[in-house]
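Enquirer: What follows is a structure written as structure tokens; I'll ask about it next.
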Amino acid sequence: MKKLSKGMLMAALICGSFVSAYGGETSVFAAEAGDEALSSFSLEQIVVTATRTMEEAKKVPAMVSVVTAEDIKKKNVKTVSDALTMLPGVYNARTHGMSETANGIEIRGFGENNILFLYDGMPMNDAYDGGMNWNAISVEDVERIEIVRGAASSLYGGHAVAAVVNIISKDPEKDSVRAYASYGTKNTWKRGISVSKKLSDKFSMGVGYEHKRTSGWMKKYAYASTSAAKSASPSGTEATGVQQVQRASGSVINILGTPGSGASRDDTYNLKLKYKFDADKYLMYRYTHDKYRYFAAKPDSWLVDANGNHIFEGSVKFSNGKYYNFDESDFTDYNGHRKVDRHALQYKDEKNKIDLNIGFTDVKDNGYSTGSDLAGNGPGNDSRYPNKSYKIDFQKVWESKNNTLVAGFDVQRNKMDYIKNKLLHWHNYKSVTSNTSQMGGSDLNLAVFVQNDYKFSKKFGVNMGLRMDHYKKYDGYYKDKTTHIDQLEKSYTELSPKLAVEFTPRDDTTVYVSYGHSFNPPRLYQLYRHDPSYGYIANPDLEPETTNTFEIGVKKSFGKKTNAALSIFRSKTKDLISATPKDSEGHRKYVNIDKAKRLGVELEINHHFNKALSGYFNYAYVNAKDGTGERLWSIPRHVMHTGIRYEKDKWNAYLEGQYISRRDTPDYIGNHFMADDSFFVANVGVNYNINPHAMISFSVDNLFDRDYWQWYKAQGRAYTVGVQFEF
């Protein structure tokens, strides 16, 4: 019965899936609203991310998705990555929710390092490694998210290889008070409050606070290889209970227990000040402070003494007949910490089409500590990598009847340090006793860009863009007690053109062909991280990656209820940056040694069955290979999302599922530690509006408690109940 119910559900999801999980407003393109009966499902969307100008999404020569604040409100969304999970071409590898730190999202087979994340116009990609800090944004403060898939470096520069994800926060000009709280499996809390007030005709402000915490899911094992057992006799209390399991590669390891679950605590504060000079011009200041901790909670030893007591110190006999001496250090895990301050100042003149953004991001106290005792009172080590980013972005738009020209410049400077310290108490990363080593460096990017969108007629148009980046890496250094190294500086200049031709034979159909060149500099840690004791050697000679992307797409409406989109793309990357295998001394470094090709197809279908019921289906295929023609197994070949949504009167509900194909090489054994399994996961949720100001919700993720591994075991079935108030 259990297997039958799963199969019936998956069939129902696929057969009944034709519109966005987030409602009509999240479609990649617009259909005519038609009669009043369908007005709430209007797919008309104006987006700004794709061309840096306001344009109908259906006419943009790229695949575009939009997630609104209303969509987020109706879903079990704890972080921004949750809001993106069901969108076309997106693989969300953050399988441990809010406490996930190791994995991120992929779009079209590219990781976060090749996706540009913007928050109120300012880059969110970390200056250290290019990743996205998903916990630094309160998702309840998001007004909308625009996702443009495909090459966008001609307008946005580095990172914008696979996509641009533009996160836009709520405007404080609307008077509101909002409070919310949710509680779920593994003691997972999210609660917060936000207040916005228009204080006068010219001045408004908003403040907000959000707290998130979770006991987390079990992520890791405490394990040892058989070869680690070298003693002929036990040196401590002899224990039993070790469990042997196979790695995904087929080799056997010995599980001693687990360091515990991946717990986390997160506090986010927001402040917004807006001053309107007149109806067309305003100045907005936004400040965000985020304090985040992650750590292992409730370690568990599977090893027991003769009396059946679980112990964390002693000796255990392995299959080779010898003993492994274990202690608490086998069960400790990272104690992570991070603080982020983000400042963004925006000036906007809508009449003269001028935008100016100035921002500063300070990622401080970012790192983790390690030690040997579970209580955290003993000595240990701390590794931290604070970094800073400064950004200025200016653009001006000129419009005529058939032509839209946008031009501007941006300047971005990034700086990082990597500091290793000895600690007196390893749970207290401030208890520094001495410095082991320190390294770091900076880069600077100066760019000018121009884009012209010309309409030859109602049916034909061409979009031409060109960006020139001047990139410089400098101030690289390494020092410890005996060594000091200054790295050489180097500069590059790169042109990133883009050309797109669009054809609109009728109002319900758009066809486009595009080519884009992307320029992506190496990340600072790839250039300057020099940590031989951990196995990495700095390489300041790294060249930037470049990617050429060709794409053809079509967007079409079938009547007033059904819409579809199809795109085919091919991306070819040169000077791909990857880490070398370990050398004879156990060291590796990042080098430009590889190429990569990605051939992909994206299909999206959306349908409204009636006023209350809608559904969606999207599928992405990516065939990724390296320069030798071997498949890049870390990239899933098949990504599918599907779901249905019901909304009537005071009720709304959703039922959705996603399928991700396996990422292991054929010789790997699935459903084991360190495997990357294929999986299908279903989620369900229901909301009830008590009155216009209050809503209660209930949701279940991983409805069938699917047991699968994404290196570590993914989270199981999770329940969440919540309540929201808004006045």
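The values are calculated or read from the model by the stated rules, or taken from the named source; none is laboratory data. Note that the structure is a prediction, hence the values are computed from the model and not measured. Every residue, glycine among them, receives a Cβ derived from its backbone with ideal geometry; neighbour counts consider all protein chains shown.
Enquirer: Inspect all residues belonging to the range 346-358 and state whether any of them is part of a strand (DSSP E or B) and either in contact with a Cys (Cβ under 8 Å, 6 or more places away or on another chain) or of a type in the set (S, T, Y) (or both).
Expert: yes
Enquirer: Does I168 satisfy being of a type outside the set (S, T, N, Q) and out of contact with any Lys or Arg (no Cβ under 8 Å at 6 or more places or on another chain)?
Expert: no
Enquirer: Output the residues belonging to the range 288-303 that are surrounded by 15 or more Cβ atoms within 10 Å (Cβ to Cβ) and either in contact with a His (Cβ under 6 Å, 6 or more places away or on another chain) or assigned to a loop (DSSP other than H, G, I, E, B) (or both).
Expert: Of everything in the range 288-303, those that are surrounded by 15 or more Cβ atoms within 10 Å (Cβ to Cβ) and either in contact with a His (Cβ under 6 Å, 6 or more places away or on another chain) or assigned to a loop (DSSP other than H, G, I, E, B) (or both) turn out to be R293, P299, S301, W302, L303.
Enquirer: Out of the residues in the range 197-214 that are buried (at least 21 other Cβ atoms within 10 Å of the Cβ) and touching a Lys or Arg at 6+ places or on another chain (Cβ under 6 Å), which is farthest from D82 (Cα to Cα)?
Expert: S204
Enquirer: Please work out which one of (1) of a type in the set (G, A, S); (2) buried (at least 24 other Cβ atoms within 10 Å of the Cβ); (3) at pLDDT 90 or above is the condition S176 fails and give its number.
Expert: Evaluating S176 over (1) of a type in the set (G, A, S); (2) buried (at least 24 other Cβ atoms within 10 Å of the Cβ); (3) at pLDDT 90 or above leaves (2) as the failure.
Enquirer: Moving to a separate point now. Quick check on S383: is it touching a Gly at 6+ places or on another chain (Cβ under 8 Å), modelled with pLDDT under 95 and outside any loop (DSSP other than H, G, I, E, B)?
Expert: For S383, the condition - touching a Gly at 6+ places or on another chain (Cβ under 8 Å), modelled with pLDDT under 95 and outside any loop (DSSP other than H, G, I, E, B) - is met.
Enquirer: Taking the options A181, A127, name whichever one is in a loop (DSSP other than H, G, I, E, B) and hydrophobic (A, V, I, L, M, F, W, C).
Expert: Being in a loop (DSSP other than H, G, I, E, B) and hydrophobic (A, V, I, L, M, F, W, C) holds for just one of A181, A127, which is A127.
Enquirer: Just to be sure, is Q487 within 24 Å of G627 (Cα to Cα), buried (at least 16 other Cβ atoms within 10 Å of the Cβ) and not aliphatic (A, V, I, L, M)?
Expert: no
Enquirer: Kindly evaluate N610 against the criterion of being among the polar types (S, T, N, Q) and free of Cβ contacts under 8 Å to residues at least 12 places away in the same chain.
Expert: yes
Enquirer: Restricting the search to the range 606-650, which residues are under 29 Å from A596 (Cα atoms) and either among the acidic types (D, E) or outside any strand (DSSP E or B) (or both)?
Expert: D626, G627, T628, G629, E630, L632, W633, S634, I635, P636, R637
Residues are listed down the side, and each one gets a yes or a no for (1) part of a strand (DSSP E or B); (2) surrounded by 14 or more Cβ atoms within 10 Å (Cβ to Cβ); (3) hydroxyl-bearing (S, T, Y); (4) within 27 Å of the chain's Cα centre (by Cα):
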position	(1), (2), (3), (4)
R413	yes, yes, no, yes
T436	yes, yes, yes, no
D443	yes, yes, no, yes
M464	yes, yes, no, no
F503	yes, yes, no, no
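Enquirer: When you go through N689, N652, N618 one by one, which is the residue that is in contact (Cβ under 8 Å) with a residue 12 or more places away in the chain and in contact with a Pro (Cβ under 7 Å, 6 or more places away or on another chain)?
Expert: N618
Enquirer: OK, next. Residue by residue through the range 247-271, note down the ones that are of a type outside the set (A, V, I, L, M) and in a loop (DSSP other than H, G, I, E, B).
Expert: Result: R247, S249, G250, S251, P259, G260.
Enquirer: Restricting attention to the range 523-559, and to residues there that are buried (at least 23 other Cβ atoms within 10 Å of the Cβ) and among the hydrophobic types (A, V, I, L, M, F, W, C), which single residue is nearest to the chain's Cα centre (by Cα)?
Expert: Among them, the one singled out is L524.
Enquirer: In addition: Report the residue count in the range 272-287 for those that are basic (K, R) and either outside any strand (DSSP E or B) or surrounded by fewer than 16 Cβ atoms within 10 Å (Cβ to Cβ) (or both).
Expert: Going through the range 272-287 one residue at a time, the tally reaches 1.
Enquirer: Scan the range 689-714 for residues that are of a type in the set (F, W, Y), in contact with a Lys or Arg (Cβ under 6 Å, 6 or more places away or on another chain) and closer than 20 Å to N103 by Cα and report the count.
Expert: Of the residues in the range 689-714, 1 are of a type in the set (F, W, Y), in contact with a Lys or Arg (Cβ under 6 Å, 6 or more places away or on another chain) and closer than 20 Å to N103 by Cα.
Enquirer: Can I ask one more? Looking at the range 101-124, which of the residues that are in contact (Cβ under 8 Å) with a residue 40 or more places away in the chain and acidic (D, E) is nearest to E143 (Cα to Cα)?
Expert: D120
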